[in-house]
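Working notes, structure below.
Taken together, the values in this text are just the output of simple stated rules run on the coordinates, not laboratory data. Note that this is a predicted model, so its numbers are computed, not measured. Because the Cβ atoms are built from the backbone with ideal geometry, glycine has one as well, and the counts that use them run over all protein chains shown.
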Amino acid sequence: MNWLELVGWAGSALLVWSLLQTRILRLRALNLVGCLILIGYNAAVHVWPMVGLNVVLAVINVWYLRGMLATRHDEETYQVVEVGTDDAFLAHTLRVHAADIARFNPDFRWEPADGHRSAFLVVRADEVVGVVVSHAEAGGIAQIDLDYVTQRFRDFTPGEFVYRRSSLFTDRGFRRVVSPPGMVAPYYHRLGFRPEGDAYVLDLPASA
């Protein structure tokens, strides 16, 4: 097997691997790289139908990647919906994603009867992409109990629409937001939070 065949096999393996990804951004990016490799390989061996196929697939991937990257911070695309802690759909969402939630928020315990908590769903059209649950503590602190992003959107930061792009906390008189205790792989440094001990803290502007 020569080096050119190895390139072809590598491109094919990358295409297959991309289809195994649960994160849509990563899937598209890896698929695009695989297509580009196979365009070069098939052009080198003069298999023009496969060149054409991979060019089309590459264009499709670029189209979707452009759309995802252009709207990742768009308030018209991602919206925050406040729900009651006794909401049936919230309970369903937490139940469906319970195992994955436990991986990243091992200290989270759900108590639907707890009226001191607030719950928010981050949605894209009719699809839930994130869940944030918090409670109030003394001194104007909003303590986050759960900040969960579904697998498909884990390359994005939908929590920003709760913390930075809305007045959900400032309207309630909160001055600070503190990240969940024991959260695995927190992403708050990407949202303007600062580290403080074992947590991340966001200082909120005063409400108007």
* Asked: So what is Rg over Rh here for segment 86-206, counting just Cα atoms and using Kirkwood for Rh?
  -> 0.92
* Asked: At q = 0.17, 0.21, 0.22 Å⁻¹, what is the log10 ratio I(q)/I(0) for segment 57-119, with the Debye formula run over Cα points and no solvent?
  -> -0.80, -0.92, -0.94
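With each run of n ≥ 4 DSSP H residues scored as -39500 (n - 2.57), what mean residue ellipticity at 222 nm is computed for the chain after dividing by its residue count and rounding to the nearest 500 deg cm²/dmol? Intermediate results must be reported in sequence, preceding the final value.
Details: 6 runs with 81 residues, N = 208.
The helix contribution divided over the chain gives -12500 deg cm²/dmol.
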* Given q = 0.13 Å⁻¹, what are the Debye log10 I(q)/I(0) values for the chain, with equal point scatterers placed on the Cα positions and solvent ignored? -> -0.78
* Using amide H atoms built 1.01 Å from N in the peptide plane, name the residues 5+ places from Asp145, or on other chains, whose amide H lies under 5 Å from its own. => Val133, Ser134, His135
* Part-to-part distance (alpha-carbon centres) for segment 155-208 and segment 44-101, which is given in Å -> 24
* Asked: Magnitude of the Cβ-charge dipole of the chain, K/R +1 and D/E -1, about the Cα centre, nearest 20 debye?
  -> 600
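How many percent of Cα pairs in segment 145-208 exceed 12 Å?
Everything past 12 Å amounts to 69 percent.
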* Asked: Projected area of segment 41-148, taken from the Cα convex hull and averaged over every viewing direction, in nm²?
  -> 10.6
